[in-house]
Each structure stands twice: as structure tokens, then as C-alpha cells.
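These notes are about the structure you will find just below.
The values are calculated or read from the model by the stated rules, or taken from the named source; none is laboratory data. Computed from a prediction, not measured in an experiment: that's the story for all the values here. Don't worry about glycine lacking a Cβ; one is built from the backbone with ideal geometry, like all the others, and counts go over all protein chains shown. Just the protein is used for accessible areas: all its heavy atoms, side chains included, with ligands, DNA and RNA removed. Shrake-Rupley method; radii C 1.70, N 1.55, O 1.52, S 1.80 Å.
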Amino acid sequence: AQSVTQPDIHITVSEGASLELRCNYSYGATPYLFWYVQSPGQGLQLLLKYFSGDTLVQGIKGFEAEFKRSQSSFNLRKPSVHWSDAAEYFCASGSSASKIIFGSGTRLSIRP
Amino acid sequence: DAGVIQSPRHEVTEMGQEVTLRCKPISGHNSLFWYRQTMMRGLELLIYFNNNVPIDDSGMPEDRFSAKMPNASFSTLKIQPSEPRDSAVYFCASSLGTRGLPNYGYTFGSGTRLTVV
């Protein structure tokens with residue numbers, strides 16, 4: 001069955017430090033992969049998506065993610081975080097034959 | 001575009017009352033989704049529509065929940081009677097895609113925070 005795992009429930013990084021949020025998916029075929037961000041009291045906003053092609057995808061707000069088929073991963077990265085990046089981040093996966101499944105989310109806190 | 005519009009933003013109701021949540025999808029999007037978010041269960045897909053037709057309602061928790069999409073620009077999620085365990089944030093999302101498939105990702109509304117006391 002299709003699933004998405006975000007192993008880190010909560011991460012704290014210092015402002016200006018680099019960030020990597022982990023995501024693993026489970027699906028036999030090439031999945032569609034997404035990262036969403038949710039600020040407090042808001043809906044989910046799409047950061048970036050991967051369907052095919054270049055495995056390193058660029059998104060909004062300076063985020064990028066790399067699809068690694070051999071590791072079944074789609075980790076989100078940012079070279080230097082800002083206090084405004086504090087939010088909940090969701091990885092999601094779908095395919096050409098199924099709807100999107102969301103991971104449980106990773107809450108990001110920023111240390112001043 | 002104004003995005004996906006949900007109303008109300010907050011709803012507080014007494015147990016046993018009927019609650020109706022509303023959603024206006026992005027114009028031109030042909031798929032609409034209702035999600036429920038809680039701390040315990042995360043994001044759960046309740047139901048989704050494609051071209052106004054319910055495609056998958058397997059996530060609807062029980063008969064107290066019902067959803068309709070009378071036209072391409074409006075959908076409702078109704079809970080009757082409501083119970084305290086229904087307290088959650090309910091999100092509506094829309095997408096341009098075939099039968100709910102994630103061709104372009106989903107655009108979410110800001111949600112309705114429901115509290116049943």
C-alpha cells in the first residue's frame with residue numbers, strides 16, 4: 001500500500017543554519033511527490049513538486065528537494081533558514097493511478 | 001484568483017446540532033477534496049469529487065457526515081448530529097486533474113476550525 005513517512009516529528013534549527021527534512025515514500029511505480037508548508041492557522045501551501053525529469057527540484061521560498069529512487073526518499077532542503085520558515089511541513093505522494101497521501105508532518109522551530 | 005474559499009473560519013456548536021461547512025473551489029478546477037486535520041490522526045481525506053460527482057467517500061467516518069457538490073463552484077460538508085470528537089480543522093482543496101489524480105497538486109483553503117462542545 002502507498003505510504004509516506006516523515007520520521008522527524010519536530011526539528012529545531014538556528015536561524016541561518018541549513019535545513020533538511022526527511023521524507024520516505026512507499027510505492028512501486030514512480031510517484032508524484034510534493035512538499036507542502038502549513039503556517040499556524042493557515043491551509044497547506046505547495047512548496048514544490050516532482051513528477052519526472054531532473055531529480056533536483058526547486059520550489060518557492062528558497063526550498064529544494066531531491067528525489068532519490070534508490071532510497072525511496074524526497075528530502076526537503078534549504079541552505080539558510082529564516083525565522084519565517086517556522087511552520088509544519090508535509091510530504092505527500094501520489095501516482096498516476098491514486099490520490100495524494102500525506103505524511104504526518106514535521107514541525108520546524110527556528111532558534112534565534 | 002481568490003484561491004479556495006472556505007466558510008466559516010471558525011464554528012463553535014453544541015453537541016447534537018447540525019453543522020454545515022462550505023467551500024468554493026478555484027474556478028476551472030474539476031476536483032474537490034475534503035480533509036480533516038487533528039493532532040491524533042493528522043490529515044485525513046474524507047471525500048473527493050471529480051466534475052461534481054463523488055468519486056471516493058471511503059474516508060467519511062460515519063453516516064453523520066455527508067457532502068454535496070451541486071455545481072462546479074460550491075460544495076458543502078455537513079455533520080448531523082455533531083459530536084465533540086468531530087472537533088477538528090476541516091480543509092477543502094481543489095485541483096485540476098482527472099478523477100482526483102495529483103496532476104498538478106492540490107490548492108488548499110484556509111480551513112474551518114470546528115469545536116463541538
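Taken over the stretch A:37-73, the criterion of being closer than 26 Å to B:PHE91 by Cα, part of a loop (DSSP other than H, G, I, E, B) and within 14 Å of chain B (Cβ to nearest Cβ) is satisfied by A:SER39, A:PRO40, A:GLY41, A:GLN42, A:GLY43, A:PHE51, A:GLY59.
Candidates B:GLY3, B:GLY28: the one that is in a loop (DSSP other than H, G, I, E, B), open to solvent by less than 30 Å² (accessible area, probe 1.4 Å) and either of a type outside the set (S, T, N, Q) or at pLDDT below 90 (or both) is B:GLY3. On inspection, B:TYR48 passes the criterion of being under 11 Å from the mean Cα position of the chain (by Cα) and either free of Cβ contacts under 8 Å to residues at least 40 places away in the same chain or facing chain A (nearest Cβ under 9 Å) (or both).
Per-residue answers, yes or no, for (1) farther than 22 Å from A:PRO79 by Cβ; (2) within 15 Å of the chain's Cα centre (by Cα):
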residue	(1), (2)
A:GLN6	no, yes
A:THR12	no, no
A:GLU20	no, yes
A:PRO40	yes, no
A:LEU47	no, yes
A:TYR50	no, yes
A:VAL57	no, yes
A:PHE63	no, yes
A:PHE67	no, yes
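The residues of the stretch A:74-88 that are of a type in the set (Gly, Ala, Ser) and away from chain B (no Cβ under 14 Å), listed by number, are A:SER80, A:SER84, A:ALA86. Among the residues making up the stretch B:67-79, those that are in a strand (DSSP E or B) and open to solvent by 50 Å² or more (accessible area, probe 1.4 Å) are B:LYS68, B:PRO70, B:ASN71, B:PHE74, B:LYS78. Among residues of the stretch A:89-112 that are within 12 Å of chain B (Cβ to nearest Cβ) and open to solvent by 20 Å² or more (accessible area, probe 1.4 Å), those with a Cβ under 7 angstrom from a residue that is at pLDDT 95 or above and in a strand (DSSP E or B), sequence gap 6+ or separate chain, pair up as A:PHE102/A:PHE90; A:ARG107/A:HIS10; A:ARG107/A:GLU88. Scanning the stretch B:65-117 for residues that are of a type in the set (Phe, Trp, Tyr), at pLDDT 95 or above and within 18 Å of B:ASN51 (Cα to Cα) yields one hit, B:PHE74.
Being of a type in the set (Gly, Ala, Ser) and within 14 Å of chain A (Cβ to nearest Cβ), is that true of even one residue in the stretch B:56-66? Working first, answer last.
To start, the set of residues in the stretch B:56-66 that are of a type in the set (Gly, Ala, Ser) comprises B:58-59, B:66.
Pick out the ones that are also within 14 Å of chain A (Cβ to nearest Cβ) and you get B:58-59.
Yes, that holds for at least one residue.
Here B:SER110 clears all of (1) open to solvent by less than 30 Å² (accessible area, probe 1.4 Å); (2) within 19 Å of B:GLY3 (Cα to Cα); (3) of a type outside the set (Val, Ile, Thr) except the condition numbered (1). Do you know which residues across the stretch A:57-82 are buried (at least 17 other Cβ atoms within 10 Å of the Cβ) and of a type in the set (S, T, N, Q)? Answer for the stretch A:57-82, where residues must be buried (at least 17 other Cβ atoms within 10 Å of the Cβ) and of a type in the set (S, T, N, Q): A:SER73, A:ASN75.
Residue by residue, here is whether (1) surrounded by 15 or more Cβ atoms within 10 Å (Cβ to Cβ); (2) within 24 Å of A:GLY59 (Cα to Cα); (3) of a type in the set (Val, Ile, Thr) holds:
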| residue | (1), (2), (3) |
| --- | --- |
| B:THR13 | yes, no, yes |
| B:GLY16 | no, no, no |
| B:THR38 | no, no, yes |
| B:TYR48 | yes, no, no |
| B:ASN51 | no, no, no |
| B:ASP56 | yes, no, no |
| B:PHE91 | yes, yes, no |
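Yes/no per residue for (1) in contact (Cβ under 8 Å) with a residue 24 or more places away in the chain; (2) among the acidic types (Asp, Glu); (3) in contact with a Pro (Cβ under 6 Å, 6 or more places away or on another chain):
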| residue | (1), (2), (3) |
| --- | --- |
| A:THR30 | yes, no, no |
| A:LEU47 | yes, no, no |
| A:PHE51 | no, no, no |
| A:VAL57 | no, no, no |
| A:ILE60 | no, no, no |
| A:PHE63 | yes, no, no |
| A:GLU66 | no, yes, no |
